[in-house]
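**Q** Questions regarding the structure given below will be posed in turn.
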Amino acid sequence: MAVKFEKTKSIEIEHAVIDGVDISGRWSRMFEQRVIFEYTPELIEKITDLPNAESFAYCYQCAKCVGVCPVDIVGDYGPRKLYKHAQTGADLTTSPDLWLCTTCSNCLRVCPKEVNMVKIMPSAREQAILNGNFVPKELQYAFENTARTGNPLGQPQRKRDAWIQSAGVSVPIIKDLARPVDVLWYVGSYPSYHPRSMEAATAAARIFTALGIDFAVLGKEEKDDADTQRLAGEKGLFEMMSEHNIQTFNKYEWKEMVVTGPHELNAFKNIYSKCGFDRPVLHYTTFLARYLDQLKPLLKHEVNIKVTYHDPCYLGRHNGEYEAPRKLLKAIPGVELVEMGRNRENGYCCGGGGGGMWLDSFSAAHVKMRLSEKRAMEAASTGANVMAVACPFEVSRFEDAVKATGNEHLGVLDILELLDRSMRGEQ
Amino acid sequence: MAGNIFVITEHLDGKFSDVSFEMVGKAKELASIMGMQVVAVVLGSGLAANGFASDETLFVDDVRLGQFNPEAYGRVVEALVKEKSPRLVMFGWTAAGMDLAAWLSVRLGKPCVAYVKGLSVESGALVASSQIYGGKLIADVAPEGDLAIVALLAGSFPVEAGQGSTLAIRIAAPVSLEGLKIQFVESVRPSADDIDVTVQEKLVSVGRGIGGKENLELAEDLAKALGAVLTASRPVIDARWLPTSRQVGKSGRKVMPKLYLALGISGAPEHLEGMKNSELIIAINTDKKAPIFNYAHYGAIVDLFDLVEAMLELI
Amino acid sequence: MNIIVAIKHIPSTADDLPVKGNNLDFDSVDFVMNEFDEQSIEQAVLIKEAVGGTVTVVGIDLIGELDGALYLALAKGADKALKISADDPSVDSHQQAKWLAEAIQGLSSDLIFTSVQASNDLDGQIGPMLAAYLDMPYIGGVSSVEVSGNTATVNKEFAGGVGAKYALSLPSVIGVQASSKPPRYAPVSKVRQIAQTVKIEELAHSAQVENSAGLIFKKMAPLIMTGRAEMFTGSPREVATKIVDLLKSKGLA
C-alpha cells in the first residue's frame, strides 16, 4: 500500500484584522462563548483554569476527534463529547471519563483548534488525585510500586539486571565498565522484569553484540521513566524519578542513548529537555535502521511469515517514526509485510498509554471491547500470522487480546525478537 | 498440678477446630518426653464432651463464654494459668489465639512464640520452630524460664493424635466476668456478593479452562466442600460468569490464602501477580507447559472436571 | 476522638532474606512499613472524617529510615507524627510494644490501632502486648470499625468467611486486618510537600532491655523452596486422592 498520509492542515488563517483589531497569530481564540441555556460554563472553566489545560476551551464541536478516537470506536468518547458533557453539567475530575483517555493524540492530529488532550488529561487527573477523588485501585498500585521500588510492577530494584543472566551474551554495566561508551542502552522496566518483554531485551543484547556496538546498561541504577504515570496524573512521581534518572545519566559519558520503549523516548527526548537534560536519545528502531547494511548479512535465516506492524502511538504519532521499523521488518528474509487499514498517523492505540496499562479492569467496564482486542481483530483481518510490535507494553497486551478474540493463530512478537530469530534461526 | 501442658482449644457452632486436636496430639507427645500431663482447656457454655486424647479436659462453663470474647477468655485463661502454673500453654495461631497468646505473655511476664510449625525437646529444653517473614525463614528458638506460651499454625501436626477419650472436669469461671468492655453482638455471615476474597483462607479459582457458566456449579460445590470461596482469573470475570469481586490478579484482588487451588488457569504474569504469595498453590491444567506450574507447589495434568468430581466423592 | 495509629517498620519480604548468625542479616534488607498499617491509617482517617478528632501516627525508627512512612501517613490524612528512635533493627516486639506504651500513655487516646500481625512477630504481635501494657482491652483481625460516642463497633474475621460483630467500650486497642474502605492514594507531590514542611516529633524512650522477649535464638535458616511444582501423576481419581490427603495433612480439608 503506497498511500501517503498527510497531517491535517489548519483551516484557520494566520493573519487577520477584524474590525480594526489585529488578531494575527492568535487564531485559536474564540470570539464569543457559545450560549447554552440551563447550564453555566463553570465546569468547563474548572478544567480550563488548570495549568496546561486551557486548550479545552478552544473546542468548537466539529467532532473530527471523535471519528479517530480509539476509545470511541469501542465505546462512547472523544474530546468533543467530553466538552459537551462539561457544557451540560459533568465534572470531568470526578467522572469515570477522566481515566479512559490513553493520550494517543490522534485527536490532536486532526483538531483544527489544537485542543490538546495530551496536556489536558494529566492536568485534570493530577487535580483529581490531589482532591482525593476516586483513583482506580490498579493504577494506585502502579504509582505506589513505582515510588517504592522504581518500577510499576513492584519488583525489587536489586533484581533489575537479573534478566542479563538469560541473554547468552555479556551485557556490560556502565558503572563496572568505568569508561565512556558509544551507546547507553536504557532497557526499561517491562523488558527488565516482565517474562514476555524480557525476551525482547535479551534479543536486543544479542543483536547489539552481533553488530559490534559499544554499549552498556545502567543495571541496578536504572529506574522507571514514569512518563505514563505522569500522563495518568502523577506529576510528582515523574519529577521524583526524573531527578534520579537525570542525575544517573549525567554520571557517565556516552554519545547516544538508545531506548527499548517509545514511552521512554518521549520522556527523555521531549520532557527531560525542560529539566536541562539535552543529550541525544533514540528508539532502537531508528538506531538499528542506521545499521541496516551491517545488519542484513547477519539475518541469515528465513522467517517465513506474513507480518503486520502495529505503530505504537508514542513512536509514531508522538515522535514521527514510522519507517525505520518497517525497514527493519522488510530486511528479514522471508517476511511479507502487510499493512492494517489504520496505520502510521492513523494507527489505532493498543490501550496501554496514559495509564491504560494499569486500568484494565476499569476501562473494560466502560467499553464494549478492549482497545487491544479491537486492534488484534484488525491485525487478524489482514491475513497476517504475526503482529509485530515495537513497544514493551504491547506484547503482553496483544497476546492476551488474541486469546480473548479467538485469534490464537496470530503470534505477537517484538521486532527485536523477529530480527533475533532471523539471526539465530528457530530456537 | 505443676508440670502440665495447657491446650487452649477452640470451637465454633458446637464443633471443635482441627487445630485443637493437633495441639492436644502434639502436647501428648511432648508430655511423654517431659513427664507431664496434658490438660485440654475448653471455654464455652454447655458444650458436650469432646473426644480429646488429653489426660484431662477442663470445661470452664459460663454463658458469657459461649461465643469467643477476647477479654472474657483472656481473664479466664490468665486466672487458670496463675492458679495451676502449667509449664507450657498452647494456643492456635488463629483468629482467637492471635488475640490471646501475646497478651497473656505480657500479663504473665513470660515468653511467647508465634507462627509455630514445630516443637521439640533438646537437652530437656523446649525448642519451637517458627515460620516467619511470610514463611521465608524458619527460626528455632528456646523460650527461657518456667512457663512458655506457644501459638501453633493450623496444619502443623496430625489431627488423629489428639483424638481419644479423656477425664472431663467442669468448673465455673475462676474469675469475675463482670464489667467486660468487649461485648459480643452477633454473628455475621456475608452474602455471596459481599465476600472479601482477600481475607479468605481458602480459595478455589477457575480460569478459561472452566469452559462455561454452566460448569461453575461443579467448582462451587468443591469450594463449599472445602470451606473455600470461589474466585477466578480475568477471562471468567470478563465473560460475567462471576462478579468482579471474585477477580484475582493484577487488575483484580491480590490474595495470600492458605490454599489456592487453581483449576484451568494458565498462569499469565498478570494473574500470578494476584496470588503468587499464597501459602499452598495447587494447579490443575491440561497444558503441561502452563506457566502456573513454575509457581505452584503441587500440580497435575488431568481434566479438571474429572478431578473435581473425584475430589467431591472423597471429601 | 483521639486516635493513635502505631505503625511497625519491618524487613521487606519482597526480596531475598539473608541470614547472619542466628538472626536475619539486617544490614542486607530494606525496611518497609507493615502493609496492614496502611489499613490502620485509612480506618483511623475514616473515623476522624466521620466523627471528628485527630489521628496521631507513632512508630519506632529501627534503622533511621522511618520518616518516609510517617510522611506517607500524614499525606493520607493523619494529623501528627511521632517517632521513637531505636537504631537497632533487632529490637523484638515486646520491647517495641513497651516503648510504644510509654509514648502513648501520656496521650489521652480513645482508640489505638495497630496491625493485626507483622511477618516478623516471632514473639507475638505489638497490638495485644500494647493493650496489656496499657491495661486496655484488645481485639484483632478486625475488618471494619465504626465509632459512636464512647463505643466502637467492630467486625472480627474468623476463618472460612465467618465474622462476628463486637461492641467495645473505649479506650481500646484494635488489631486491624482491613479498613472498611480500601486505603486512599496519597500523591507523591503531597508526600514530598509534607516531607519539606512537617517536623516529626521525636520521643525519648526508656533503656533497652536485652532479650525482653525471653527467647534464645538457636538457629535461623531459609525455607528450602523448589522452583517447580511437585507433580501428581495418575488417573483423576488417583490425583484427587493425593490432593485430598495433602490437604488433610495440612488441616485444610
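**Q** Out of the residues in region A:337-385 meeting the condition of being among the aromatic types (Phe, Trp, Tyr) and within 14 Å of another protein chain (Cβ to nearest Cβ), tell me which one is surrounded by the fewest Cβ atoms within 10 Å (Cβ to Cβ). Lay out the reasoning, then the answer.
**A** Here is the first cut: in region A:337-385, the ones among the aromatic types (Phe, Trp, Tyr) are A:348, A:358, A:362.
So of that shortlist, the ones also within 14 Å of another protein chain (Cβ to nearest Cβ) come out as A:358, A:362.
Details: A:TRP358: 26, A:PHE362: 20.
So the residue we want is A:PHE362.
**Q** Within the group B:ASP238, B:ASP287, B:ASP303, which residue is of a type in the set (Asp, Glu), within 8 Å of chain C (Cβ to nearest Cβ) and surrounded by fewer than 24 Cβ atoms within 10 Å (Cβ to Cβ)?
**A** Details: B:ASP238 fails: within 8 Å of chain C (Cβ to nearest Cβ); B:ASP287 fails: within 8 Å of chain C (Cβ to nearest Cβ).
Within the list B:ASP238, B:ASP287, B:ASP303, the selection yields B:ASP303.
Let's see how each residue does on (1) surrounded by 18 or more Cβ atoms within 10 Å (Cβ to Cβ); (2) assigned by TED's automatic domain parsing to the domain that holds B:THR94; (3) of a type in the set (A, V, I, L, M); (4) at pLDDT 95 or above:
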site: B:VAL229; (1), (2), (3), (4): yes, no, yes, no
site: B:THR244; (1), (2), (3), (4): no, no, no, no
site: B:LEU272; (1), (2), (3), (4): yes, no, yes, no
site: B:SER278; (1), (2), (3), (4): yes, no, no, no
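**Q** Also: Residues in region C:206-220: is at least one at pLDDT below 90 and more than 20 Å from the chain's Cα centre (by Cα)?
**A** Yes.
**Q** To continue, here is another question. Of everything in region B:114-134 that's among the aliphatic types (A, V, I, L, M) and more than 8 Å from chain C (Cβ to nearest Cβ), which residue is farthest from the chain's Cα centre (by Cα)? Break it down stepwise before answering.
**A** Looking only at region B:114-134, we keep the residues that are among the aliphatic types (A, V, I, L, M), and these are B:114, B:116, B:119, B:121, B:125-128, B:132.
So of that shortlist, the ones also more than 8 Å from chain C (Cβ to nearest Cβ) come out as B:116, B:119, B:121, B:125-126, B:128.
Working: B:VAL116: 12, B:LEU119: 17, B:VAL121: 24, B:ALA125: 27, B:LEU126: 23, B:ALA128: 18 Å.
Per the stated criteria, the residue is B:ALA125.
**Q** Starting from residues that are at the interface with chain B (Cβ under 7 Å from one of its Cβ atoms), of a type outside the set (Gly, Ala, Ser) and in a loop (DSSP other than H, G, I, E, B), keep the ones in region C:213-253 and report whichever is nearest to B:LYS136 (Cα to Cα).
**A** In this case the residue turns out to be C:LEU223.
**Q** Looking at region A:47-114, what helices (runs of 4 or more DSSP H) fall wholly within it and have at least 2 residues that are under 23 Å from the mean Cα position of the chain (by Cα) and surrounded by fewer than 22 Cβ atoms within 10 Å (Cβ to Cβ)? Even if it seems obvious, please write down each step before you answer.
**A** On the way: elements: A:64-68, A:70-73, A:79-87, A:106-110.
The qualifying helices (runs of 4 or more DSSP H) are A:64-68, A:70-73, A:106-110.
**Q** Kindly indicate whether any position in region C:162-184 is among the β-branched types (Val, Ile, Thr), part of a loop (DSSP other than H, G, I, E, B) and under 30 Å from B:LEU259 (Cα atoms).
**A** Restricting attention to region C:162-184, the residues satisfying the condition of being among the β-branched types (Val, Ile, Thr) are C:162, C:173-174, C:176.
Now drop any that are not part of a loop (DSSP other than H, G, I, E, B), which leaves C:162.
Filter once more, so that each one left must be under 30 Å from B:LEU259 (Cα atoms): C:162.
Yes, that holds for at least one residue.
**Q** In region A:205-242, what residues are outside any helix (DSSP H, G or I), crowded, with 24+ Cβ neighbours inside 10 Å and out of contact with any strand residue (DSSP E or B) (no Cβ under 7 Å at 6 or more places or on another chain)?
**A** Scanning region A:205-242 gives A:ASP224, A:ASP225, A:ALA226, A:ALA232, A:GLY233, A:GLU234.
**Q** Which condition number does B:LEU261 fail, the rest of (1) within 13 Å of B:VAL206 (Cα to Cα); (2) surrounded by fewer than 21 Cβ atoms within 10 Å (Cβ to Cβ) being met?
**A** For B:LEU261, the failing item is (2).
**Q** For region B:135-158, how many residues are more than 7 Å from chain C (Cβ to nearest Cβ) and either part of a strand (DSSP E or B) or not acidic (Asp, Glu) (or both)?
**A** Summing the residues that are more than 7 Å from chain C (Cβ to nearest Cβ) and either part of a strand (DSSP E or B) or not acidic (Asp, Glu) (or both) in region B:135-158 gives 10.
**Q** If I filter region A:116-127 for residues that are assigned to a helix (DSSP H, G or I), small (Gly, Ala, Ser) and under 26 Å from A:TRP358 (Cα atoms), do I get at least one hit? Lay out the reasoning, then the answer.
**A** Our first condition is that a residue be assigned to a helix (DSSP H, G or I); within region A:116-127, this holds for A:117-127.
Okay, now just the ones that are also small (Gly, Ala, Ser), so A:123-124.
Among the residues that remain, those that are also under 26 Å from A:TRP358 (Cα atoms) are: A:123-124.
Within region A:116-127 (the criterion being assigned to a helix (DSSP H, G or I), small (Gly, Ala, Ser) and under 26 Å from A:TRP358 (Cα atoms)), the answer is yes, since at least one residue qualifies.
**Q** Would you be able to say whether some residue in region C:134-150 is more than 27 Å from C:LEU72 (Cα to Cα) and facing chain B (nearest Cβ under 7 Å)?
**A** Checking region C:134-150: at least one residue is more than 27 Å from C:LEU72 (Cα to Cα) and facing chain B (nearest Cβ under 7 Å).
**Q** Identify, by number, the condition in (1) closer than 19 Å to A:MET357 by Cα; (2) in a helix (DSSP H, G or I); (3) assigned by TED's automatic domain parsing to the domain that holds A:THR260 that A:TRP163 doesn't meet.
**A** (1)
**Q** Hey, another quick one. Scanning region B:207-235 for residues that are closer than 15 Å to B:TYR260 by Cβ and without any contact (Cβ under 8 Å) to a residue 60 or more places away in the chain, which turns out nearest to the other protein chains (Cβ to nearest Cβ)? Break it down stepwise before answering.
**A** Filtering region B:207-235 for residues closer than 15 Å to B:TYR260 by Cβ gives B:207, B:219, B:222-223, B:226-233.
Cutting the leftovers down to without any contact (Cβ under 8 Å) to a residue 60 or more places away in the chain gives us B:223, B:227-233.
Numbers: B:ALA223: 11, B:GLY227: 5, B:ALA228: 8, B:VAL229: 6, B:LEU230: 11, B:THR231: 12, B:ALA232: 13, B:SER233: 11 Å.
Only one residue tops the list, namely B:GLY227.
**Q** So how many residues does region A:269-289 have that are surrounded by 12 or more Cβ atoms within 10 Å (Cβ to Cβ) and charged (D, E, K, R)?
**A** Looking only at that region, the number is 2.
**Q** Next question. Determine, yes or no, whether B:GLY135 is small (Gly, Ala, Ser) and within 30 Å of C:THR13 (Cα to Cα). Lay out the reasoning, then the answer.
**A** Numbers: small (Gly, Ala, Ser): yes; within 30 Å of C:THR13 (Cα to Cα): yes.
Judged against the criteria, B:GLY135 is a match.
**Q** Out of region B:125-160, which residues are without any contact (Cβ under 8 Å) to a residue 12 or more places away in the chain and either under 26 Å from B:VAL77 (Cα atoms) or surrounded by fewer than 21 Cβ atoms within 10 Å (Cβ to Cβ) (or both)? Show your work before the answer.
**A** Filtering region B:125-160 for residues without any contact (Cβ under 8 Å) to a residue 12 or more places away in the chain gives B:133, B:136-137, B:139.
The one that is without any contact (Cβ under 8 Å) to a residue 12 or more places away in the chain and either under 26 Å from B:VAL77 (Cα atoms) or surrounded by fewer than 21 Cβ atoms within 10 Å (Cβ to Cβ) (or both): B:LYS136.
The values are calculated or read from the model by the stated rules, or taken from the named source; none is laboratory data. Since the model is a prediction, treat every value here as computed from it, not as a measurement. Cβ atoms come from the backbone with ideal geometry, glycine included; neighbour counts cover every protein chain shown.
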